[in-house]
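Okay, structure first, notes after.
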Amino acid sequence: MNLLILLCVLCVTFTGLSEGAGVLVDDLLNAPVGGKALFTTKLTTQEPPVTFSVVIWNFENTNIVTSIPGVNRTDPGYVGRVTLFMSTGSLELRNLTLNDSGGYSVNIITSDGGTQTGSTQLMIYEPVSNVMITTSSPDLVEFISSVHLSCSSSGSSLSFLWLNGSSEVTASDRVQLTGGGSNLTIFNVTRYNQGLFRCLVVNPVSNGTSDPVFLSVSCE
């Protein structure tokens, strides 16, 4: 049976068999741009050993790696970026880009005729970097001044948290958080608003903190 026919048979065999994580450990993997991801199976070395006759990894509609008797093929776009561990069927993908986000699936046939399938999602994020605060004015007068602080950061899927010293700053009658939390406005400041303000930015793969900005509140 030639390679094309065998691949067609395998596609038909495995259609609809993979639901959820299946043989894979993780339903979802998060990784940074430039990093690596390991798609780990639940399979382990057995005694007596059961070898894998067929291992096929796919990304969306692309055949990443195909290992069948007499044929070991890696898609040109993945050459040098992937390692297939034939002892478990696991796959490592390196030098990740945003384009690597999406659905991955594996199809395995063991030497004893058993079949294993699995699917997972990989999400790639730009790491958090260059976290900075800008402020309208660091010198304030109690009960008179209002202040606006803005936090900027590089990265993707960012979440923002403001700290005054070690205490989290939350919204209230005089405190407004806008822009997804990246902007902080304090109206009619009091002496209790004086202190070192920092912005903490996080995403699923990294975090970063700004240099502190000191707000000074004086009595009129």
Condition check: in contact with an Asp or Glu (Cβ under 8 Å, 6 or more places away or on another chain) and loosely packed, with under 15 Cβ neighbours inside 10 Å. Does T190 satisfy that? yes
Could you tell me whether T117 is in contact with a strand residue (DSSP E or B) (Cβ under 9 Å, 6 or more places away or on another chain), farther than 30 Å from G22 by Cβ, hydroxyl-bearing (S, T, Y) and surrounded by 12 or more Cβ atoms within 10 Å (Cβ to Cβ)? no
Assess whether N95 counts as being under 11 Å from I56 (Cβ atoms) and either touching a Gly at 6+ places or on another chain (Cβ under 8 Å) or surrounded by 16 or more Cβ atoms within 10 Å (Cβ to Cβ) (or both). no
Every pair of residues 6+ apart whose Cβ atoms lie under 6 Å, when the first sits in the range 182-193 and is modelled with pLDDT of 95 or more while the second is surrounded by fewer than 16 Cβ atoms within 10 Å (Cβ to Cβ) and among the small types (G, A, S): F187/S146
Checking S157 against (1) outside any loop (DSSP other than H, G, I, E, B); (2) of a type outside the set (K, R); (3) touching a residue at least 12 places away in the same chain (Cβ under 8 Å): exactly one of these is not met. Which one? (1)
If I filter the range 196-217 for residues that are of a type in the set (S, T, Y) and at pLDDT below 95, do I get at least one hit? no
Within the range 64-98, which residues are within 16 Å of I109 (Cα to Cα) and part of a strand (DSSP E or B)? V65, T66, S67, I68, V71, N72, L84, F85, S90, L91
Only one of (1) more than 26 Å from G195 (Cβ to Cβ); (2) buried (at least 20 other Cβ atoms within 10 Å of the Cβ); (3) within 17 Å of the chain's Cα centre (by Cα); (4) of a type in the set (A, V, I, L, M) is not met by L158, so which one is it? (1)
Suppose we keep only residues that are in a loop (DSSP other than H, G, I, E, B) and in contact with a Leu (Cβ under 9 Å, 6 or more places away or on another chain) within the range 99-129. Which one would you say is farthest from F39 (Cα to Cα)? V128
Which residue, of V147, V169, V131, V106, is crowded, with 17+ Cβ neighbours inside 10 Å, in contact with a strand residue (DSSP E or B) (Cβ under 9 Å, 6 or more places away or on another chain) and under 30 Å from V25 (Cβ atoms)? V106
Is it the case that the range 176-184 has a residue that's surrounded by fewer than 20 Cβ atoms within 10 Å (Cβ to Cβ), part of a loop (DSSP other than H, G, I, E, B) and touching a Phe, Trp or Tyr at 6+ places or on another chain (Cβ under 6 Å)? yes
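The values are calculated or read from the model by the stated rules, or taken from the named source; none is laboratory data. Predicted, not measured: the structure shown is a model, and the values here were computed from it. Reconstructed Cβ throughout: ideal geometry from the backbone, glycine too, with neighbour counts over all protein chains shown.
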